[in-house]
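What follows is one structure encoded as structure tokens, with my remarks underneath.
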Ligand code: GLP
């Protein structure tokens, strides 16, 4: 079931999602959070940093798992999702270094790297709360159209729409799969901007299909969409 919240302006949307995460961390201070890259979650991360600075929340016992990464790409590459999430979020809060997990875009053996990630997710009890963005072609993480419902963390070829955004970046990625994402106990998807409207409408109103990976969220029991699509 997808619960939908509409906003006229993104500010209130981000405030509400941040409050939602705050109450999650109050209820379960050792939550496992799934983190999205892209530009959409950045204002959310800024709010969470501020809440931490105000001593409203602590990440002392939190574990985080990044959703995806370009492949091949060095972990320290400034364009990597690893660096983006560190710079925009993790290095500003009190999360332990050893509790931050990401897919290694420089792994020699990508298959092995993806298996490692699935095992780690299992070891830490799976994701309590997954933050998601959405691509204009309906992708979630790097699960492009064609991704199957049983897909796990894996190496994928990126769609043209995706590589067109950043032509200089690699044409492949490592990504949590659809099945991996659907295992999260709770999912919050954020979409901001007119350019996301069609993808969101298709995800909500069309039948579940591999052509439209976000539609798989209809199969999840506890997903919320936070939308500001003007
Ligand atoms: C990227 C990422 C996704 C992200 C999406 C939207 O390619 N793989 O995890 O949610 O595209 O990005 P943005 O938030 O910048 O629109």
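Coordinate-derived values only; no laboratory data. Nothing here was measured: the structure is a model prediction, and the numbers come from that model. Glycine gets a Cβ as well: all are built from the backbone with ideal geometry, and neighbour counts include every protein chain shown.
A few remarks follow.
- If R0 equals 25 Å, the separation of the Cβ atoms of residue 22 and residue 91 corresponds to a calculated FRET efficiency of about 0.80.
- Mean residue ellipticity (222 nm) of the chain, computed from DSSP H runs ≥ 4 via -39,500 (n - 2.57), nearest 500: -9500 deg cm²/dmol
- Per-residue Cβ neighbour rank within 10 angstrom, fewest leading, 9, 101, 59, 81: 9, 101, 59, 81
- Label separation (residue 149 vs residue 194): 3.6 nm, computed from points 7 Å beyond Cα along the C-beta direction.
- Whether the range 133-230 is rounded, prolate or oblate, judged on the alpha carbon gyration tensor where a/c under 1.5 counts as rounded: oblate
- For the range 158-204, the percent of C-alpha pairs falling in each 5 Å distance bin, counted from 0 to the bin holding the largest distance, reads 4, 15, 16, 22, 27, 14, 2, 0.
- 140, 131 arranged by Cβ crowding within 10 Å, fewest neighbours leading: 131, 140
- Percent RCO, i.e. relative contact order, over the range 187-230, from Cα pairs under 8 Å lying at least 6 residues apart: 57 percent
- Residue order for 150, 68, fewest other beta carbons within 10 angstrom first, comes to 150, 68.
- The chain: C-alpha gyration tensor shape, a/c 1.5 cut-off, then a/b vs b/c: rounded
- Label separation (residue 205 vs residue 11): 3.0 nm, computed from points 7 Å beyond Cα along the C-beta direction.
- When both bridge partners sit in the range 2-228, DSSP labels roughly 30% of those beta bridges antiparallel.
- A Gaussian network model of the chain, with springs between Cα atoms under 10 Å, assigns the largest mean-square fluctuation among 193, 126, 135 to 193.
- Distance between the pseudo-spin-label points of residue 166 and residue 119 (7 Å out from Cα toward the beta carbon): 2.8 nm.
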